[in-house]
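Right, one structure below, let's go through it.
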Amino acid sequence: MQKNYVLMSFVVASGVIAAAGIADARVVAVSATRPTSPLLVSPTDDNMPSTVVAPKGFSKVTGVSWTDKAGDHYALFATKNVEAKSGRSYYLQVDIYDGSAGKAVKLARSVKDMSEKCEFDNSTQFLNGSVMLTDFDSDGISELTFAYTTGCRSDVSPDTMKLLVLEGKDKHILRGQSRVQVGDNEFAGGTYKADGFKKAPKLLDGAKAHWTALTGAK
């Protein structure tokens, strides 16, 4: 299957960061208003060192780099699809690298998820328009936010959805369901539970607004 790739781009004006989405064969199209956020320092798109590459067997979807008071950072989004008699398996991976001027970048963390051996509709994918860089708490350390769904279904029902906010070594997650229309003016899903935001209320507010923008849930 031929894939079309769209690189991440950022529009920074009047303190608002709008993130254009990642798109390939495994990405849902989303058109939504992004939450207002403090200005990010030095956003760039896909300015990756040659050593930052997709894991073996994966295909790069997009990459984004940024600089904050902790140094230079790079995030690479990648997917892997495996076809087998037992079904289709889809894998998602986000690798975060840290570095500084004149020094080699090092892998700081990886986020992985998957749906394996699906004989129906495998809906495991990064959500288009979900990647966002912010500094909601104004501490000089940028937050990288992104969302994705996982699922294997044969009917019209919500998928598992996660929205992650990564700030330095901290990880915060909204865990819930995507929102789907199941009838005339009737919707299912769209709810979530917050995990790890107790000491980060400003990040939680931003994550909630972003979830609402992505799903259309009130």
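Read the figures in this text as sums done on the coordinates, not as results from a lab. Source: prediction; values computed, not measured. Note that each Cβ is placed from the backbone with ideal geometry, even for glycine, and that neighbours are counted across all protein chains shown.
Couple of notes before you dig in:
- The simple spin-label model puts a point 7 Å past each Cα toward its Cβ; for Lys69 and Met114 those points are separated by 4.0 nm.
- Segments 58-68, 117-127 sorted - mean Cβ within 10 Å per residue, highest first: 58-68, 117-127
- By average C-beta atoms within 10 angstrom, highest first, the peptides 151-157, 203-209: 203-209, 151-157
- Between Asp137 and Lys103, the modelled labels are 2.2 nm apart [label points 7 Å from Cα along Cα→Cβ].
- Projecting the Cα positions of Ala217, Gly196, Thr160 onto the charge dipole of segment 71-218 (unit charges on Cβ atoms of Lys, Arg, Asp and Glu, taken about the Cα centre) puts Gly196 furthest along the positive direction.
- Anchor Lys169: lysines whose Cα lies under 24 Å away (excluding residues fewer than 8 positions away in-chain): Lys60, Lys69, Lys103, Lys106, Lys112, Lys193, Lys198, Lys199, Lys202, Lys208
- Between Asn47 and Asp195, the FRET efficiency estimated from the beta carbon spacing at R0 = 22 angstrom works out to 0.10.
- Counting neighbouring beta carbons within 10 Å and listing from fewest to most, the residues Arg109, Arg88 come out as Arg109, Arg88.
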